[in-house]
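The structure appears below as structure tokens.
The values are calculated or read from the model by the stated rules, or taken from the named source; none is laboratory data. For clarity, every value in this text was computed on a predicted model and none was experimentally measured. Note that we place each Cβ from the backbone using ideal geometry, even for glycine, and neighbour counts take in every protein chain shown. When the accessible area is computed, the model is the full protein with side chains, heavy atoms only, and any ligands, DNA or RNA have been set aside. Shrake-Rupley method; radii C 1.70, N 1.55, O 1.52, S 1.80 Å.
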Amino acid sequence: ILFLTIFSFYINFYYGHLGVYPLDTFLFYDSSLRILEGATPFKDFWISTGLTIDIMQALIFKLFGISFKNYVLHASLMNVALTLATFFIFIEFKLSNFFSFFYSLILSITAYPVSGTPFLDHHSIIFCIFAVYCFLLALKQKKDIFWFLIPFFLVLAFFSKQTPSGYLIITMALLTLIFFYFNFSKRFFLI
């Protein structure tokens with residue numbers, strides 16, 4: 001776990017500093033700064049996507065300071081979260097420690113280092129993956145917290161980018177209705 005954390009963080013941190021693409025690399029940098037300065041998105045300035053990444057990045061700038069390193073820190077932390085969540089879901093579904101580690105390591109190389117900086121597609125897909133993981137855990141472990149977290153992650157995904165998350169929201173709603181139909185209970189309905 002320690003190796004996966006360090007590796008997934010630093011591989012993205014390294015590749016996030018290997019060049020600048022003006023259109024993509026600074027897409028959320030400027031809008032996050034404007035939020036910190038008190039501007040309101042959509043009212044005071046236009047953003048091209050949802051608010052999730054802008055608000056998350058503004059929070060990171062507020063906590064750690066405004067710098068490109070802290071901009072890449074955001075993407076690196078998302079890479080760590082995806083890597084560790086994948087490792088733990090594989091362990092939960094009884095994949096061997098070796099393969100859980102290996103597949104999580106491969107994912108950490110291919111997930112966020114492709115862009116290196118916060119990017120809407122990556123955030124949306126990662127939050128969608130978290131929602132799918134929660135759905136699988138809710139079915140397996142029968143814990144209410146996972147049913148509660150599914151809409152939370154889907155909302156974060158939707159307000160990162162609507163295209164992939166909208167499809168998953170429809171799919172998850174249908175699967176949940178099917179599950180609810182075969183496992184009806186008042187308690188589940190209230191959750």
Check 148, 188, 152, 158 and return the single one that is among the hydrophobic types (A, V, I, L, M, F, W, C) and more than 25 Å from residue 51 (Cβ to Cβ).
188
Where the second residue is at pLDDT 90 or above and part of a loop (DSSP other than H, G, I, E, B) and the first is under 21 Å from residue 18 (Cβ atoms) and among the acidic types (Asp, Glu) and lies in the range 97-126, which pairs have Cβ atoms under 8 Å and are six or more apart or on separate chains?
121/161
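In the range 146-181, how many are over 27 Å from residue 27 (Cα atoms) and buried (at least 16 other Cβ atoms within 10 Å of the Cβ)?
Count: 6.
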Starting from residues that are among the hydroxyl-bearing types (Ser, Thr, Tyr) and within 20 Å of the chain's Cα centre (by Cα), keep the ones in the range 87-107 and report whichever is nearest to residue 12 (Cα to Cα).
104
Check whether at least one residue in the range 105-118 is assigned to a helix (DSSP H, G or I) and open to solvent by less than 20 Å² (accessible area, probe 1.4 Å), and report yes or no.
yes
How many residues does the range 77-129 hold that are closer than 25 Å to residue 166 by Cβ and basic (Lys, Arg)?
0
Six or more apart or on different chains, Cβ under 8 Å: which pairs go from a residue in the range 39-51 that's open to solvent by less than 90 Å² (accessible area, probe 1.4 Å) to one that's part of a loop (DSSP other than H, G, I, E, B) and among the small types (Gly, Ala, Ser)? Could you list them?
45/39; 49/160; 50/160
